[in-house]
Each structure stands twice: as structure tokens, then as C-alpha cells.
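The values are calculated or read from the model by the stated rules, or taken from the named source; none is laboratory data. A quick note: this is a predicted structure, and the numbers were derived from the prediction, not measured. Every residue, glycine as well, gets a Cβ built from its backbone with ideal geometry; the counts of neighbours run over all protein chains shown.
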Amino acid sequence: MEDSVGNNGVTANNVAQAIHTALDWASTPDARLNAVAFLDSIKGGDVRALANTSFLLVKKNWSSEIRLHAYKMLQHLVRLRWEELSPAEHKNFANLSLELMSEIADPCENWALKSQTAALVAEVFIARHFLFIIFASYSVTIADFPYLDIFFGGSFTGC
């Protein structure tokens, strides 16, 4: 999830330009509509390209507006397309999300970006542990499902 070009040939620069165009009031209405349509096609296209591109765009070398939109795209993926990723990709996504927490910890970092990072980690936690929450309500223990332990890197001991 770290290439500059996604699986379908979409580059982070193309998506960043579309975000800029969609948010820029100086853009023509048609340009904004085209940019939004392009961003919607990214969100609805290949889930791996969406993840790759979004993780690139949350890095500090992009503007706050682009980073914020990239966080929203990652949250969209977790909320609506999570099941399209494999368990190994779930683990990788969770690890990358947690790494973002340490990167965003800079006291000078924009609070909105900190908030979106925390929201992303919470979304990943909920997506990865939804079954655990359901099982817990039926008195099933974590020992019955050790793979749920992956998010915590083996440190979760159960209820």
C-alpha cells in the first residue's frame, strides 16, 4: 500500500489535483463536477488503488485539505468496502493506520488531521472487532477466535 501509482494506474497526483479542483471556488462548475465524479470513481473503483492512493495522500508533504480528504476516503473504505480486503490486508491496513497516529502526534499538527486520524483508527478497530463484539454478547471468548487478536499484535488477552 505504498506505491505512487495504484493498481489501476491512478496516481496520487491525479487524485490530489481532483481534490484541489473540487474544493477550489475559482474552478468552473464543470471542472468541480468532473473532479467530484473522478473522486467518486476512485472511491467506487479498485479498493486497493483507493487504499494505496489515500495512504500516500495523508502524508505531510500534501496540503491539509488534501490530507483531510484522503482521511475521509480511508474512512469510506473502512465503513463501506472493508470486506473486499483480505485478512492480511486488514492487518496491513490496521498497522498503517496505527503508524499514522505516531506521525500525527506532532504538537504543531492541525487538530482536524489529528481528529481524522483518531477517527480512522476507531473505524478500523470497529471493523476488525465487530465480530468480537457480537461474539462477546453471546459469551464466546477470544480464545475461540485467536485470529481476532491480530489488530493488537498478539497482545490482546481477551475479556
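Data for the structure
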item	result
Among residues of the range 48-69, those that are touching a Gly at 6+ places or on another chain (Cβ under 7 Å) and more than 22 Å from Ser86 (Cα to Cα), counted	0
Odd one out for Ala26 among (1) modelled with pLDDT of 95 or more; (2) under 17 Å from Ile66 (Cα atoms); (3) aliphatic (A, V, I, L, M); (4) buried (at least 16 other Cβ atoms within 10 Å of the Cβ)	(4)
Residue in the range 147-154 that is hydrophobic (A, V, I, L, M, F, W, C), surrounded by fewer than 16 Cβ atoms within 10 Å (Cβ to Cβ) and at pLDDT below 85 present	yes
Cross-chain or 6+ apart pairs with Cβ under 9 Å, the range 19-47 first and within 27 Å of Glu84 (Cα to Cα), then of a type in the set (Ser, Thr, Tyr) and in a helix (DSSP H, G or I)	Asn34/Thr21; Ala35/Thr21; Val36/Thr21; Phe38/Thr21; Ile42/Thr53; Ile42/Ser54
Which numbered condition Arg32 misses (of (1) surrounded by 16 or more Cβ atoms within 10 Å (Cβ to Cβ); (2) closer than 19 Å to Tyr71 by Cβ; (3) modelled with pLDDT of 95 or more)	(2)
Residue check for Glu109: under 26 Å from Thr11 (Cβ atoms), out of contact with any strand residue (DSSP E or B) (no Cβ under 9 Å at 6 or more places or on another chain) and modelled with pLDDT under 90	yes
Pair list, Cβ under 9 Å, 6 or more apart: the range 88-107 residue within 12 Å of Phe55 (Cα to Cα), other residue of a type in the set (Asp, Glu) and outside any loop (DSSP other than H, G, I, E, B)	Ser97/Glu123
Which listed residue is under 18 Å from the mean Cα position of the chain (by Cα) and not in a helix (DSSP H, G or I), from Asn52, Asn61, Asn13	Asn61
Exclusive hit being under 21 Å from Glu65 (Cα atoms) and within 12 Å of the chain's Cα centre (by Cα), set Ala94, Ala119, Ala112	Ala119
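Residue by residue, here is whether (1) of a type outside the set (S, T, N, Q); (2) more than 18 Å from Ser115 (Cα to Cα); (3) surrounded by 21 or more Cβ atoms within 10 Å (Cβ to Cβ) holds:
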{"site": "Val36", "(1), (2), (3)": "yes, yes, no"}
{"site": "Asp40", "(1), (2), (3)": "yes, yes, no"}
{"site": "Leu50", "(1), (2), (3)": "yes, yes, yes"}
{"site": "Leu57", "(1), (2), (3)": "yes, no, yes"}
{"site": "Asn61", "(1), (2), (3)": "no, yes, no"}
{"site": "Tyr71", "(1), (2), (3)": "yes, no, yes"}
{"site": "Arg81", "(1), (2), (3)": "yes, yes, no"}
{"site": "Leu85", "(1), (2), (3)": "yes, yes, no"}
{"site": "Glu89", "(1), (2), (3)": "yes, yes, no"}
